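Notes follow the structure.
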Amino acid sequence: MAPTVALALAIALLPGVALAAERSEPSEREQLLQRYGQVLEKQLGLLQTLDHIEQHAEELQGQILRLSAERTRATDALHEAERQRAAAQARLEVMRLAVQARLRAVLRIAQLPSLRFALSHGDFADSVRKDRLLRRLIGQDKVRLAEYRAQLTNLETLTRQRDAALQALDQLDLDLHRQKAQAESERRDKTALLAEIDADRHVHQRAVKDIDLAHQALTAHIEALQEWHERKYTFSMVQGKLLPPIGGRVEVGFGEIKHPRFGTTTLHRGLDLRAGSGPGQAVRAVFWGRVAHLGWLTGYGETIILDHGRGWHTIYAHVEEVKVAVGEVVKSRQRIADIGQTGSLKGRYLYFEIRHKGQPVDPGLWLR
């Protein structure tokens, strides 16, 4: 790999690599870029590197959603803890005033001359009654004091819970900020690498090579799928009668395509379909069949392969919000997914193929 290409890819894929390279000595910089180039060439490949970035970004987005949900729960818990603490504090204040009033009353009783207090009884029975009343009052005061102490302990517990919820919320905010920053870095990485595909001949040629390898892998994958032995109305009888899988326009057709800048010629084995700007852009099965594959394929992103019997397959790539499951038999025009940009080199669109016994055929001959 040329040094300029390695530098561009390092800048695109490794956050902080450019800064580290500028600060390093030339020999260290060369070693750094060489190590990275080996990872790109031997372990990942260009399309797999893009897949790695995108899938990691999706994982980060999932973590962001999880953290956002946790933050919402933590915020609710904090509000509830604060509400309970405020209510407990209000009850404690009422109890404090009541206990304070009783203590003052007891203090005034305690300050009466003992003789006057003792002689104030009309007779011995009256004295016993007053003594019992006084003991009962003192007992009630003890209960009030015990309740006050318990309420005070409860308030301290609620305060600790409130402080813990606040600390957890602060930590979630920190984690959420960190994950969002990393996800944004991943998006910048992918954008920079995609720009290099159009800007640098070597990177472009590597992308073309990897696309061919992805095609070979898809062909092998289709050949390995278990054949669906359905013998009803066959796919071969609907040539020229199928409705497109999405509403929109054909952005790139089937056949050879010449790159306007580099002059390289590549074989485009399907259709690039670009939908309008409306929401809820559904991807629909062009013909009834069985879901033979559902999942991520390098170069194609999230991909659905429908088996229509007798060696016929249709392929729907770069989709999201999948609505079907492997093994499910779908009807013609059934919604199977939404248009996405998973594994895409050029944003949100649908890549559509028709294959017979593993080999691509021109979908334009089959669509109305």
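The values are calculated or read from the model by the stated rules, or taken from the named source; none is laboratory data. Since the model is a prediction, treat every value here as computed from it, not as a measurement. Glycine also receives a Cβ, built like all others from the backbone with ideal geometry; neighbour counts cover every protein chain displayed.
Given Arg274, Arg290, Arg310, which one is within 20 Å of Glu251 (Cβ to Cβ) and of a type in the set (Lys, Arg)? Working first, answer last.
Details: Arg290 fails: within 20 Å of Glu251 (Cβ to Cβ); Arg310 fails: within 20 Å of Glu251 (Cβ to Cβ).
Result: Arg274 is the single residue among Arg274, Arg290, Arg310 that is within 20 Å of Glu251 (Cβ to Cβ) and of a type in the set (Lys, Arg).
In segment 332-368, how many residues are among the small types (Gly, Ala, Ser) and out of contact with any Phe, Trp or Tyr (no Cβ under 7 Å at 6 or more places or on another chain)? It would help to see each step written out before you state the result.
Of all residues in segment 332-368, those among the small types (Gly, Ala, Ser) come to 332, 337, 340, 343-344, 347, 358, 364.
Next, from what is left, pick out any that are out of contact with any Phe, Trp or Tyr (no Cβ under 7 Å at 6 or more places or on another chain): 340, 344, 347, 358.
Counting residues in segment 332-368 that are among the small types (Gly, Ala, Ser) and out of contact with any Phe, Trp or Tyr (no Cβ under 7 Å at 6 or more places or on another chain) gives 4.
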Selection status of His215, within 24 Å of His52 (Cα to Cα), touching a residue at least 40 places away in the same chain (Cβ under 8 Å), surrounded by 15 or more Cβ atoms within 10 Å (Cβ to Cβ) and in contact with a Pro (Cβ under 9 Å, 6 or more places away or on another chain): yes
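Answer yes or no: is there a residue in segment 327-335 that is under 23 Å from Asp212 (Cα atoms), in the same structural domain as Gln239 (by TED's automatic domain parsing), modelled with pLDDT of 95 or more and in a strand (DSSP E or B).
no
Does any residue of segment 316-336 turn out to be under 19 Å from the mean Cα position of the chain (by Cα) and in contact (Cβ under 8 Å) with a residue 40 or more places away in the chain?
Residues of segment 316-336 under 19 Å from the mean Cα position of the chain (by Cα): 318-323.
Among the residues that remain, those that are also in contact (Cβ under 8 Å) with a residue 40 or more places away in the chain are: none.
Within segment 316-336 (the criterion being under 19 Å from the mean Cα position of the chain (by Cα) and in contact (Cβ under 8 Å) with a residue 40 or more places away in the chain), the answer is no, since none of the residues qualifies.
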statement: Every listed condition ((1) at pLDDT 90 or above; (2) surrounded by 15 or more Cβ atoms within 10 Å (Cβ to Cβ); (3) of a type outside the set (Asp, Glu); (4) in contact with a Gly (Cβ under 9 Å, 6 or more places away or on another chain)) holds for Trp288 save (4)
message: Show me the strands (runs of 3 or more DSSP E) found entirely inside segment 187-288 where at least 1 residues are touching a Ser or Thr at 6+ places or on another chain (Cβ under 9 Å).
response: 255-258, 282-284
query: What's the number of the condition Lys209 fails, among (1) among the charged types (D, E, K, R); (2) surrounded by 13 or more Cβ atoms within 10 Å (Cβ to Cβ); (3) at pLDDT 90 or above?
result: (3)
query: Taking the condition acidic (Asp, Glu) and under 23 Å from the mean Cα position of the chain (by Cα), does Glu58 pass?
result: yes
- prompt: With respect to the numbered conditions (1) surrounded by 15 or more Cβ atoms within 10 Å (Cβ to Cβ); (2) assigned by TED's automatic domain parsing to the domain that holds Gln281, which one is the sole condition not fulfilled by Pro260?
  reply: (1)
- prompt: On the given criteria, is Gly340 free of Cβ contacts under 8 Å to residues at least 40 places away in the same chain and buried (at least 19 other Cβ atoms within 10 Å of the Cβ)?
  reply: yes
field: Flag for Thr314 being crowded, with 17+ Cβ neighbours inside 10 Å, of a type in the set (Val, Ile, Thr) and at pLDDT below 95
entry: no
